[in-house]
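Q: Handing you a structure now.
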Amino acid sequence: MKITSTGGLIAAVLASVALLAGCASTSTGQGGSTTPGTQTTTGTQASTQSSTSTGPATTATGQDSLTTTGSSTQTGTSGSTGQGDQLLCATSELTITLGQAGGAAGSNYYPLIFTNTGTRECTLQGFPGVSYVTGDSGKQVGGAASRQGDKGPVVTLSPGASASAQLQEVNVQNFPADVCKPVSTRGLRVYPPGETHAAFVPQPNGLGCQADPLPDGQFQLSVRSIQPS
């Protein structure tokens, strides 16, 4: 009877040990499962931070680039050069005439008058292009007028208002005929500043040198910048 009781006790103890071993094994498996989960979470956080950091940096760079480009475009569009070009008097808006001549030292000096005959206010600044022309074809005679002095101010012309530039015409008989090669002229071809379309200003019975250039830096025409009348 004692032996049987002892065997039962041993069996009970062994069963308890087996049960405890099984519980320990289950706990260890759960702990292993928790560790990979934590690593996955850490990896996700690192990826999110990297994307967020790269994203704003790229976006900021793009915005700076767009902002700079936009500012440059706006500055260029609204700049004084662009507005000045739009306000320039076109040849079609002007009547160009020669005023009363004044003579001095082998030359005649004329006010070359620009009158705004258009319907809007416009501006002139700088030197007109001036040359002699001859024949029905308007062939240019000699070189264009030499420019004297500075660019001058911006002159604003209301409809009906005028401005002028001083034009010097040298007496070409002062030049040796074989050098000058004089020919009769019919008038002047005049380009307002900034314009590519010319106006014809009659000045019949004139005389100009065909030679271009004239020797020693001499000229038969010179012009100063446009000034307010």
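The values are calculated or read from the model by the stated rules, or taken from the named source; none is laboratory data. Keep in mind that what you see is a predicted model, and the values were worked out from it rather than measured. All Cβ positions, even for glycine, are placed from backbone atoms using ideal geometry, and neighbour counts span all protein chains on display.
Q: Which one of the conditions (1) over 37 Å from the mean Cα position of the chain (by Cα); (2) not in a strand (DSSP E or B); (3) not basic (K, R) does D150 fail to meet, given that it meets all the rest?
A: Unmet condition: (1).
The rows are residues; the columns are (1) at pLDDT 95 or above; (2) closer than 18 Å to L207 by Cα; (3) surrounded by fewer than 18 Cβ atoms within 10 Å (Cβ to Cβ).
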position: S92; (1), (2), (3): yes, no, yes
position: G118; (1), (2), (3): yes, no, yes
position: P128; (1), (2), (3): yes, no, no
position: S137; (1), (2), (3): no, yes, yes
position: V141; (1), (2), (3): yes, yes, no
position: Q148; (1), (2), (3): yes, no, yes
position: S158; (1), (2), (3): yes, no, yes
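Q: Collect the residues in the range 102-139 that are without any contact (Cβ under 8 Å) to a residue 60 or more places away in the chain and outside any strand (DSSP E or B), keeping them in residue-number order.
A: A105, T117, G118, T119, R120, E121, G135, D136, S137
Q: Quickly run through the range 160-174 and pick out the residues that are part of a loop (DSSP other than H, G, I, E, B) and either under 30 Å from the mean Cα position of the chain (by Cα) or at pLDDT below 95 (or both).
A: First, pick out the residues of the range 160-174 that are part of a loop (DSSP other than H, G, I, E, B): 160-161, 171.
Once the filter is applied, which keeps residues that are part of a loop (DSSP other than H, G, I, E, B) and either under 30 Å from the mean Cα position of the chain (by Cα) or at pLDDT below 95 (or both), the range 160-174 yields nothing.
Q: Within the range 167-198, track down each residue that is touching a residue at least 60 places away in the same chain (Cβ under 8 Å) and within 14 Å of Y110 (Cβ to Cβ).
A: L167, Q168, E169, V170, N171, L188, V190
Q: Testing P192 on (1) under 24 Å from G126 (Cβ atoms); (2) of a type outside the set (S, T, Y); (3) surrounded by fewer than 15 Cβ atoms within 10 Å (Cβ to Cβ), one condition comes back false. Which one is that?
A: (3)
Q: Ok, one more. Kindly indicate the residue of the range 203-225 that is part of a loop (DSSP other than H, G, I, E, B) and of a type outside the set (S, T, Y) and also surrounded by the fewest Cβ atoms within 10 Å (Cβ to Cβ) among those meeting that condition. Explain how you work it out, then say what you get.
A: Let us first name the residues in the range 203-225 that are part of a loop (DSSP other than H, G, I, E, B), namely 210-214, 218-220, 225.
Subsequent filtering for residues that are of a type outside the set (S, T, Y) retains 210-214, 218-220.
Values: Q210: 16, A211: 20, D212: 14, P213: 12, L214: 17, Q218: 15, F219: 17, Q220: 27.
The selected residue is P213.
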